[in-house]
Each structure stands twice: as C-alpha cells, then as structure tokens.
C-alpha cells in the first residue's frame, strides 16, 4: 500500500531546539512525544516569559499606582490584545481570560445557560464531545428543566446529517454545543454550517476549540459562532485560556464568578458590574500565565498557523497510512485529509494501557483510555483506545518510532 | 522498564488459570474500575471451610488479568480463614514488578473483588482498606 508522501513547510530542527524537554531522554531513549492533544510541551520563549514576568514585571493587575502594578497590567492587557488577534475577534472586550476551556464552557453554561435556557427549552450537543463540553450541558438541562439532544455520528466518526435532519423539528433550541475538532477521533466539524443551523433556530453556537485553536488558524468572525473556548496549555502556553464571546451576548449575561475586580461599585446592599471583559474576571487572574499565553500565541504566529496546519495535515496523512499498513491495528475516525492530527487506534485485543506501557519503554508518550469521551467510546463499542496526537514539533521520525513501538507491542502480546 | 511484561505476567495473561464461571458458586462478586474500564468477577466454591474451586472472568489490561489469574492459583485449595491474610503485598510479590499508582489499581482489582466475595461468604464486614470510596473502584456482590 502506498504511504502518503510527507513534506513540511516547517524547519523541524529549529522548532525542536525551542523545546528544552525534547532534548531529555526518557528511559534512555529519545523522547517521542505524541500526547499534545492532552497537553503540549512548552518552548523556551514561553518558559522565559514566565520567568521574566516574575523577575521584572510582577504585581497585581488593575490596582497598583506604583510602577510594577502598571507594568504588570500593561503586559496582562497586552496579552489580551494578542489573543484578540489570535482568534481574529473584532473587539478586545470579547476576550475573557480563564483557566482553560473547561472553565470557559462552564462560564457560558452558568452565565448564559442559567439565564437564557429554561423549562421546555432544548440544548443540542454531539455524541463526540469531550466531557467538558457535555457534562456542563447535561447539568444545565437537569437544573433548568431543559432537554438535551445529541447529534449522532456516522461509523467513520463524522456528524451524521440524518441525525441533524431528525433534530431539525425540535423546537425552542436555545443553545448548540460542538467541538471544532474531536479530541478522540480528529474529526473536523463544519462550524460555519453548524452556526447557520443554530442561528436558523434562534440558538447560540458554543464551540469547544481546545483541539483546534493550537493547530489551525481560528477566525471567530468567519466561523460565525457565538462563543469559542480554548486552552492555553494545549497551545504551548501555561495554565491560562480564553473564552471569546460576542459582546452583545456577554453584555446581557450576568457575571459567572463574583468578588473583586468584576465590580464597579459595591455597597452593603448592592453591587454594579465592571465593564467587559473584566465583568467575567473575578479575583486576581493568572497574571503571569495569561501573559505567557500571549507569548505562546506570538510564538505560534511567528511560525505561522497555516504552516503548522499544513505540517500536521501532511504528518497525519503519513501516520494514518503507516498505521494502516501494520496488521492487527484498527484505526477509528475519518480518513485523511478530513482529519486533524489525532490518531486513535487499537492493536489486536491488547488493552490500550498495555500498548501505552510498552510504547513508554521505548520513550514514546501516547494517551490510553477513553479520552474523556465515554459516550463516544460506547458509540463504537470500545472500552478504550490508544491515541497518538501530533504537533508542530513532531516529524516523520516520531511516526516511524511509533510504528516500531507497535511492532514491539505485537511481539510482546503475540498479536 | 523493558521487563515490565515479565514472562510470568505474559504467561498468566495468555494462558489464564481458572478463567470462566462456576455452576454453583458459594459466593461471587464483581469490581469495576471506571477510570480505565477494567472489569473483574470472581466466583468461589467452598466446602467445609475450604475454597475447592475458583473462577474469574472480566476484561482489562494484562496487569489486571494476570494478577487475577495468579491470585486464583493462590486461593484455590486454601481454607477460607487463611484468605483474610492475603493482602496487596502478596499480589505485588506474585507480579514481581514495580507499579505506578495508576497501574497499582489494575493489579489490586482482583484481590479487592475476592475480599468482597469473602465478606459475602462469611458475613464479616469488608476490611476498611478495601472499602475506600476515594479509590474510585466500584464493588458489587453478585
């Protein structure tokens, strides 16, 4: 069988030199890191930014009249401007710093959901969602008396158009929630089409961008969605993320968390809210982490999101073909090219924990388990899969190492 | 690291001892680790205070399944009152490899299920170290 040719616009050697951890052997072997979908590694530029903030510019933000307070605020708000550009928002007030996508989605579920979704209303999610974009809606439905419906999947792990057809008759849909890219299967969803579908029903579209924003250009205006959540730790950054939301929606939403920073005036009887985006940033934010998230976005933009996407696209096609050529390996999810850099597979009947353990002995890091998508696993009658996910620092050598590692799994367990 | 899957583990995994079901079990129990999906059921046949036969069934990783197979060999033929002595360290000794906290749960699933079955048999309460809700494992007497 022909294996897709791999060419990349990236200077892989230069990129790898930016990531100190890639130079550290694991069990005496070269580290083959194929678990960026869980959390990515960090380049020196981001690590140095964290150190630099604490060494030169650290104080609480939006408070101090002194030099450091002003400097920290300037850098923190500067990071917001960078993130505004990163998702091509047209207004910096629409970019709210959060811990990660989970917090962003919960913010929407609480502040929007508990205000604008009520008894008799409907919420639509999909069968492929990560628990972080499923449990908040289940909980919202339980607490408000709304009903939750699911878009189902075809056997190749794409959204089933028939199921969308069946759900078309549902009335009072107030909110549609979908992943931009599936974390278990690599499915890429057509967000502009889903936005149209949601808006035709008078619903808002909430997008979990955790697996997309690190890997491809994101333009929230072109996507047409209403909320977009991303996690910094999956895009070379530390523990900070953003929620992007349309200003007119954010304006009419009550706060999520309350306390300091998100207020304008407080009396013993009554409080008025701060302006966007600070209305949604109660308490002291993750200052250095948010600034370093800006550095991560700049690092990725410096390389080019289109180039990163093209690189992963080519590497995924190569990896899919390589795995396809190994007897006993079963892959799940759509075939490239309609697939992001996430490969989900099983080796014979070997439990994925055993696959991952043998691969670890070769210095190869992959994820094994249900990937926080238990309904998806049940859909495909799976207990678990092994997942290898690629990023800008992975190359053909990593996939070739994975293939050799899988051969070792097969030898160990006589597959 | 390379000898994680030692010959004895692979032997028990590939040639499980006492695998299957009993026609008339005296006691039975199941355990599930929802974190990784490992499932294990144990059935005991007891005559005059002695475990005359044991069967286990389930699905999961090589560690959980091999540990169950090894444990079944240890248990078979033993008086019930001696089984209370069997603990985590016995399973670790049988496996003979160091385990990370996550894999430790795989290894301990079968002995935990055995404890639940024994508690059902004797009417003695489940020892507290096997009844810790924080470990996430769900036990069920059959």
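The values are calculated or read from the model by the stated rules, or taken from the named source; none is laboratory data. Since the model is a prediction, treat every value here as computed from it, not as a measurement. All Cβ positions, even for glycine, are placed from backbone atoms using ideal geometry, and neighbour counts span all protein chains on display.
Selection over the stretch A:220-249 of residues that are farther than 25 Å from residue A:278 by Cβ and outside any helix (DSSP H, G or I) gives a count of 2. Please indicate, with yes or no, whether at least one residue in the stretch A:271-278 is farther than 15 Å from residue A:96 by Cβ and at pLDDT below 95. Checking the stretch A:271-278: at least one residue is farther than 15 Å from residue A:96 by Cβ and at pLDDT below 95.
Which residues, counting only those in the stretch B:7-36, are loosely packed, with under 14 Cβ neighbours inside 10 Å, within 13 Å of chain A (Cβ to nearest Cβ) and farther than 29 Å from residue A:372 by Cα?
Answer for the stretch B:7-36, where residues must be loosely packed, with under 14 Cβ neighbours inside 10 Å, within 13 Å of chain A (Cβ to nearest Cβ) and farther than 29 Å from residue A:372 by Cα: B:7, B:14, B:15.
Can you pull out every residue in the stretch A:323-364 that is free of Cβ contacts under 8 Å to residues at least 40 places away in the same chain, in contact with a strand residue (DSSP E or B) (Cβ under 7 Å, 6 or more places away or on another chain) and away from chain B (no Cβ under 14 Å)? Answer for the stretch A:323-364, where residues must be free of Cβ contacts under 8 Å to residues at least 40 places away in the same chain, in contact with a strand residue (DSSP E or B) (Cβ under 7 Å, 6 or more places away or on another chain) and away from chain B (no Cβ under 14 Å): A:330, A:331. Of the strands (runs of 3 or more DSSP E) that lie entirely inside the stretch A:125-217, those containing 3 or more residues that are in the same structural domain as residue A:237 (by TED's automatic domain parsing) and crowded, with 19+ Cβ neighbours inside 10 Å span A:173-179, A:204-208. Applying the criterion of being in contact (Cβ under 8 Å) with a residue 60 or more places away in the chain and either touching a strand residue (DSSP E or B) at 6+ places or on another chain (Cβ under 6 Å) or more than 14 Å from chain A (Cβ to nearest Cβ) (or both) to the residues of the stretch B:37-69, the residue that is farthest from residue B:108 (Cα to Cα) is B:46. Count of the stretch A:317-354 residues, restricted to those that are under 25 Å from the mean Cα position of the chain (by Cα) and closer than 24 Å to residue A:26 by Cα, is 10.
With the condition kept exactly as written, say whether any residue in the stretch B:83-105 is in contact with a strand residue (DSSP E or B) (Cβ under 9 Å, 6 or more places away or on another chain) and closer than 30 Å to residue A:355 by Cα. The answer is yes, given that some residue of the stretch B:83-105 is in contact with a strand residue (DSSP E or B) (Cβ under 9 Å, 6 or more places away or on another chain) and closer than 30 Å to residue A:355 by Cα. Quick check on residue A:43: is it surrounded by 15 or more Cβ atoms within 10 Å (Cβ to Cβ) and under 30 Å from residue A:399 (Cβ atoms)? The answer is yes for residue A:43. Of the residues making up the stretch B:26-57, those that are more than 16 Å from the chain's Cα centre (by Cα) and farther than 25 Å from residue A:381 by Cβ are B:26, B:46, B:47, B:48, B:49, B:50, B:52.
Only a single item in (1) over 30 Å from residue A:102 (Cα atoms); (2) buried (at least 21 other Cβ atoms within 10 Å of the Cβ) is not met by residue A:388, and it is number (1).
Elements of the type strands (runs of 3 or more DSSP E) sitting completely within the stretch A:296-415 and holding at least 3 residues that are within 20 Å of residue A:233 (Cα to Cα) and modelled with pLDDT of 95 or more: these cover A:385-389.
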